[in-house]
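Single-structure report; data block below.
The values are calculated or read from the model by the stated rules, or taken from the named source; none is laboratory data. Being a predicted model, the structure only gives us computed values, none of them experimental. Don't worry about glycine lacking a Cβ; one is built from the backbone with ideal geometry, like all the others, and counts go over all protein chains shown. Accessible surface areas use protein heavy atoms only, side chains included; no ligands, DNA or RNA. Shrake-Rupley method; radii C 1.70, N 1.55, O 1.52, S 1.80 Å.
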Amino acid sequence: MADTQRRGRRIMMTQGELDAFLAAQRTCRVATVGAAGAPHVGALWFVWDGTALWLYSITRSKRWAQLRKDPRIAVVVDDGHAYSELRGAELAGRAEFVGEAPRTGEPFSQLDAPERLFAEKYFGMSAMPHDGRHAWLRLTPESVASWDFRKIPG
């Protein structure tokens, strides 16, 4: 990850903590930029492979259309209820479209690992079910900021 956070070092997650956190969480919020510069934020399911965040998006969504015109993206994954429990990460960079769109399941080796992870995480299956409406976006973060308020001394 190219750019690491500079502030909040004492509450940032270690790489191992970040990997475990991203593997365990189920929902992220994805921010894209519209033609007029207005942000658009929506929730998605995702998987983390240790290097990239894989997002499975509907291809007829506002998000998909905006990323086709401007691939800049920011994603927030967070958790916690009480202030002292809050933790999360913001990953930012450029979305890459990977594989066929929409995805019908044609063999594509780059998608073997993310589809296996996604199928296990969300469906409890070993193979990815395809609905012909979704396709894959990959975010290899250019910057990552993380926080874990549980590290703040009480």
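Some observations on this one:
- Filter pass, A92 being at pLDDT 95 or above, part of a helix (DSSP H, G or I) and either touching a helix residue (DSSP H, G or I) at 6+ places or on another chain (Cβ under 6 Å) or of a type in the set (G, A, S) (or both): no
- Members of region 63-75 found to be among the aliphatic types (A, V, I, L, M) and either open to solvent by less than 10 Å² (accessible area, probe 1.4 Å) or part of a strand (DSSP E or B) (or both), listed by number: L67, I73, A74, V75
- Among (1) open to solvent by 70 Å² or more (accessible area, probe 1.4 Å); (2) assigned to a loop (DSSP other than H, G, I, E, B); (3) in contact (Cβ under 8 Å) with a residue 60 or more places away in the chain, the one test that S84 misses: (2)
- Screening R60 with (1) farther than 27 Å from I152 by Cα; (2) open to solvent by 80 Å² or more (accessible area, probe 1.4 Å); (3) part of a strand (DSSP E or B) gives one miss only, at (3).
- Given (1) surrounded by fewer than 16 Cβ atoms within 10 Å (Cβ to Cβ); (2) in contact with a helix residue (DSSP H, G or I) (Cβ under 6 Å, 6 or more places away or on another chain); (3) of a type in the set (A, V, I, L, M, F, W, C), index of the condition F123 fails: (2)
- Among the residues of region 95-115, those identified as outside any strand (DSSP E or B), out of contact with any Gly (no Cβ under 9 Å at 6 or more places or on another chain) and in contact (Cβ under 8 Å) with a residue 40 or more places away in the chain are A101, A113, P114.
- Condition met for G80 (under 21 Å from I58 (Cα atoms) and of a type outside the set (S, T, N, Q)): no
- Of all residues in region 23-52 being polar (S, T, N, Q) and open to solvent by less than 70 Å² (accessible area, probe 1.4 Å), the one that is nearest to the chain's Cα centre (by Cα): T27
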